[in-house]
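Worksheet: one structure, shown below.
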Amino acid sequence: METDIILEKLAKASGVLAACALILSVIHDWGFFFALDIGFIDIPTSIGDHIRSALIWLPNILFCFFIVIAIEFVNQRIERGLTEEEIIQSSKKPERLRKFRQGPAVLFRILAPVLVAGFLLIGNFYRGILPIALVVCWAMFSEWANNAPLIKIRRSETTQKIFHWLPIIFFFVFFWGYNNASDLASDDVPRFKLTLSNADRALEVNILRHVEKGTLVIEPKTKKITLISWPEVLNLEPIEPYKPYFGIFGRFFDEKVNPAANKANSADAKNRAAD
């Protein structure tokens, strides 16, 4: 009986997690296509495409969160498990230590709006740090919007948390997809050879996204983005041969043993980028 209850709860939890992952994946793909100046109306995506997309980007976000948690655990170990207030009160000059420890957070609170404004004025130059800057800006706005005695009394805690966290999640996931697309589109070196059924020669392209109906590619030379249906694709292969990971020492040894091949590959890549 208890096993059935546990299985039922697991099934419900799995359904909720799958629905949340699908919603987040749609938000991510929205940001991805937005960076390419493409809308969902231009790309015939399906639910399966968004699920497959989540399998690509979601592990990267989970890994980043794991690194953040690991760093926090290391900091707690260095600080011997003391709370923030305990650390401050253990100092001979607690107020000075309090200001010092709050310094990085205060600095980023000042820089975050500047970075967002810089993105709006200059463009993609600041896009790498933009998700975090937007999260900080919204957190400050949310704190200000909810920071009134009557609002705290009359507005439920659940409403306050939803107002605070939903936009944060949206901004982070949307611009994660935006940055992924921008990184792929800004690569000037072609990585794949694409042979079409109606073309005389193979195209040198970079793959932006595979979808159920075809493959979305960009030509690094012209920055032309094309959706090619699968029936038109005869062959798609990487330009560079596969190289296993040898580690730092193995890579150094490979460069010493086979310098001619490495120089040839490097020169070939530079020539393709220059053409």
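The values are calculated or read from the model by the stated rules, or taken from the named source; none is laboratory data. Note that the structure is a prediction, hence the values are computed from the model and not measured. Quick reminder, even Gly has a Cβ in these numbers, built from the backbone with ideal geometry, and neighbours come from all protein chains shown.
Worth a mention:
- Looking across the range 100-127, the residues that are surrounded by 12 or more Cβ atoms within 10 Å (Cβ to Cβ) and farther than 24 Å from ALA35 by Cα come down to PHE100, ARG101, GLN102, PHE108, ARG109.
- Failed item in (1) under 30 Å from HIS210 (Cα atoms); (2) at pLDDT 85 or above; (3) among the hydrophobic types (A, V, I, L, M, F, W, C), with ILE78 passing the rest: (1)
- Subset of the range 55-102 [assigned to a helix (DSSP H, G or I), more than 30 Å from VAL173 (Cα to Cα) and either of a type in the set (Lys, Arg) or not assigned by TED's automatic domain parsing to the domain that holds VAL173 (or both)]: ARG77, ARG96, ARG98, LYS99
- Of all the listed residues (PRO231, PRO190), the sole one being buried (at least 18 other Cβ atoms within 10 Å of the Cβ), more than 30 Å from PHE141 (Cα to Cα), in contact with a strand residue (DSSP E or B) (Cβ under 9 Å, 6 or more places away or on another chain) and at pLDDT 90 or above is PRO190.
- Among (1) within 22 Å of the chain's Cα centre (by Cα); (2) closer than 24 Å to ASP49 by Cα - the single one VAL205 does not satisfy: (1)
- When ALA105, ALA133 are screened for being modelled with pLDDT under 85 and either touching a strand residue (DSSP E or B) at 6+ places or on another chain (Cβ under 6 Å) or not charged (D, E, K, R) (or both), only ALA105 passes.
- Of the candidates LEU184, LEU236, LEU203, LEU196, the single residue that is within 20 Å of ASP42 (Cα to Cα) and surrounded by 14 or more Cβ atoms within 10 Å (Cβ to Cβ) is LEU184.
- Checking each residue in the range 14-41 for being outside any helix (DSSP H, G or I) and either in contact with a strand residue (DSSP E or B) (Cβ under 8 Å, 6 or more places away or on another chain) or buried (at least 19 other Cβ atoms within 10 Å of the Cβ) (or both) picks out LEU36, ILE38.
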